[in-house]
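Below: the structure, in structure tokens.
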Amino acid sequence: MTSQQQFDWRPIDPGQAAAWAALVAATEAEDRQDEHVAEQDLLEFFTDPDLDFSSGSVAVYDGGEMIGYSLVIARTEADPVHQARCMGGVHPRYRQRGIGSQLLEWAERAAESVHNERFPGQPLSLGGRCLARTDGAVALFSAHGYQESRWFLRMSSDLTADLPAIQHPAGVRIVGFAPELSQDARLVHDEAFRDHWDWTEMTAEGWAHFMASQAFRPAYSFLGYDGDEPLGLVLGHEYDSYTQATGRLDLYIPTVGTRRAGRRRGIATALLGRVMRAAAADGFVSATLDVDADSPTGAVGLYERAGFAVRDTWVTQIKPLIG
Ligand SMILES: CC(C)(COP(=O)(O)OP(=O)(O)OC[C@H]1O[C@@H](n2cnc3c(N)ncnc32)[C@H](O)[C@@H]1OP(=O)(O)O)[C@@H](O)C(=O)NCCC(=O)NCCS
């Protein structure tokens, strides 16, 4: 009997967020991800404008227990190709039974239908990511024809150590984030990340959703201005679930960006130094971020000089679905 017959497959809804969080916790512990995502973090997925849970999500149940899931995330642009994303996982007790293969095949079918609604006639590929050291996930993607395409480094810095002195770039004012600066932050974010691999523009709804995250911490977020011109941005997140699970305060930095016109003046370095000091002063013991290992704008070197070291490597796996 296949798991399609043996288990119950249905879309995820917010009422199952606790079961989903339990599944994610089990997979994260098995894979030693040190992320500790909780129910309140997963609930934010349901208001993401790029996600349609009725057609783009599925969970596998053994009785009342969620034992696997898959999500398909559409993108805002399809030029030259709509590179949809998928994420998912199988409970460690249910691995090696073909459930991961069935979830990935489900994701490919779901990606095609989501794609045909948004970008009919355009090419489509599907991208997933896994830790480079998780042999099972790497083998699963490979067996389904995915190519390892890009590597991302998770880097952390010890905020209890001596932090590098901040050099203030001439003519640049560093300002703490405030709600009225949100559009300046969006401008910097949009322009800076145009140079990032596989980036698509954030819509106004996407930006509002990102900035409404319960993890966002304005006190650990700064902009850099030259006169009235916003040039640089650093944003900070704090995950209560991480603190509860580990007893440690870690500042996650989802965004560091400088508009092209402001680059190579030390703005990102100064913004990072500022946020690291602010967090350290409030008892944070570490800061963490993710970065493209082959960043064309040299972000890895910038972070190394700021005291960050590589902790783990993620690999993006891509398969063309519609040519
Ligand atoms: C990566 C990024 C944030 C760097 O921003 P930045 O403000 O130019 O960063 P800095 O000026 O502090 O440092 C960049 C370089 O300029 C150099 N620099 C700093 N001050 C300088 C000065 N006064 N004169 C000349 N060079 C200088 C730095 O030494 C560094 O050198 P390197 O590239 O050889 O390592 C920016 O290029 C960007 O937004 N990239 C796209 C988005 C992205 O990838 N973000 C990071 C991933 S989350």
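Of Gly232, Gly227, which residue is within 12 Å of the ligand (Cβ to nearest atom) and of a type in the set (Gly, Ala, Ser)? Lay out the reasoning, then the answer.
On the way: Gly227 fails: within 12 Å of the ligand (Cβ to nearest atom).
After applying the criteria, what remains is Gly232.
The set of residues from the stretch 229-244 being under 17 Å from the mean Cα position of the chain (by Cα) and assigned to a strand (DSSP E or B) comprises Val234, Leu235, Gly236, His237. Checking each residue in the stretch 188-224 for being out of contact with any strand residue (DSSP E or B) (no Cβ under 7 Å at 6 or more places or on another chain) and aromatic (Phe, Trp, Tyr) picks out Trp199, Trp207, Phe210.
When the residues of the stretch 258-287 are filtered to those that are in a strand (DSSP E or B) and more than 12 Å from the ligand (Cβ to nearest atom), the one that is surrounded by the most Cβ atoms within 10 Å (Cβ to Cβ) is Ala287. Against the condition over 15 Å from the mean Cα position of the chain (by Cα) and within 13 Å of the ligand (Cβ to nearest atom), how does Gly247 come out, does it pass? So Gly247 fails the test. Taken together, the residues in the stretch 126-172 that are under 20 Å from the mean Cα position of the chain (by Cα), closer than 22 Å to Phe284 by Cβ and not basic (Lys, Arg) amount to 4. Sub-8 Å Cβ pairs linking a first residue in the stretch 279-296 that is within 17 Å of Asp312 (Cβ to Cβ) to a second residue that is away from the ligand (no atom under 16 Å from the Cβ) and not in a loop (DSSP other than H, G, I, E, B), at least 6 apart or interchain, are Ser286/Asp158; Ser286/Asp250; Ala287/Asp250; Ala287/Ala279; Thr288/Asp250, ordered by first then second residue.
From (1) more than 12 Å from the ligand (Cβ to nearest atom); (2) surrounded by fewer than 18 Cβ atoms within 10 Å (Cβ to Cβ), pick out the condition that doesn't hold for Gln317. The number of the failed condition is (2). Identify the residue in the stretch 201-211 that is surrounded by fewer than 18 Cβ atoms within 10 Å (Cβ to Cβ) and not in a helix (DSSP H, G or I) and, among all such residues, is farthest from the chain's Cα centre (by Cα). Per the stated criteria, the residue is Thr203. Applying a threshold of 7 Å to beta carbon distances and a minimum spacing of six or more residues, or different chains, the list of pairs starting in the stretch 262-277 at a residue that is touching a residue at least 24 places away in the same chain (Cβ under 8 Å) and ending at one that is more than 8 Å from the ligand (Cβ to nearest atom) and part of a helix (DSSP H, G or I) reads Val275/Tyr220.
Could you check, for the stretch 147-168, whether at least one of its residues is among the aromatic types (Phe, Trp, Tyr) and more than 12 Å from the ligand (Cβ to nearest atom)?
Within the stretch 147-168, one or more residues are among the aromatic types (Phe, Trp, Tyr) and more than 12 Å from the ligand (Cβ to nearest atom).
(1) at pLDDT below 95; (2) loosely packed, with under 14 Cβ neighbours inside 10 Å; (3) within 15 Å of the ligand (Cβ to nearest atom): which one isn't true of Asp195, the others all being true? Failed condition: (2).
Can you confirm whether the stretch 226-246 contains a residue that is under 23 Å from Val37 (Cβ atoms), surrounded by 19 or more Cβ atoms within 10 Å (Cβ to Cβ) and of a type in the set (Asp, Glu)? Spell out the reasoning first.
Pass one, the stretch 226-246, residues under 23 Å from Val37 (Cβ atoms): 234-246.
Filter once more, keeping what is surrounded by 19 or more Cβ atoms within 10 Å (Cβ to Cβ): 234-239, 242.
Of the ones still in play, those that are also of a type in the set (Asp, Glu) are 238.
So far as the stretch 226-246 goes, yes, one or more of its residues are under 23 Å from Val37 (Cβ atoms), surrounded by 19 or more Cβ atoms within 10 Å (Cβ to Cβ) and of a type in the set (Asp, Glu).
Going by the structure shown, is Val291 farther than 21 Å from Val172 by Cα, surrounded by 16 or more Cβ atoms within 10 Å (Cβ to Cβ) and near the ligand (Cβ under 7 Å from one of its atoms)? Show your work before the answer.
Numbers: farther than 21 Å from Val172 by Cα: yes; surrounded by 16 or more Cβ atoms within 10 Å (Cβ to Cβ): yes; near the ligand (Cβ under 7 Å from one of its atoms): yes.
Against the criterion (farther than 21 Å from Val172 by Cα, surrounded by 16 or more Cβ atoms within 10 Å (Cβ to Cβ) and near the ligand (Cβ under 7 Å from one of its atoms)), Val291 qualifies.
Being at pLDDT 95 or above, surrounded by fewer than 18 Cβ atoms within 10 Å (Cβ to Cβ) and within 8 Å of the ligand (Cβ to nearest atom) is a property that Asp190 lacks. Looking across the stretch 288-323, the residues that are part of a loop (DSSP other than H, G, I, E, B) and more than 20 Å from Cys130 (Cα to Cα) come down to Pro296, Thr297, Gly298, Ala306, Gly307, Phe308, Gly323.
The values are calculated or read from the model by the stated rules, or taken from the named source; none is laboratory data. In this text the structure is predicted, and so the values were computed from the model without any measurement. FYI the Cβ positions are ideal-geometry reconstructions off the backbone, even for glycines, and counts take in every protein chain you see.
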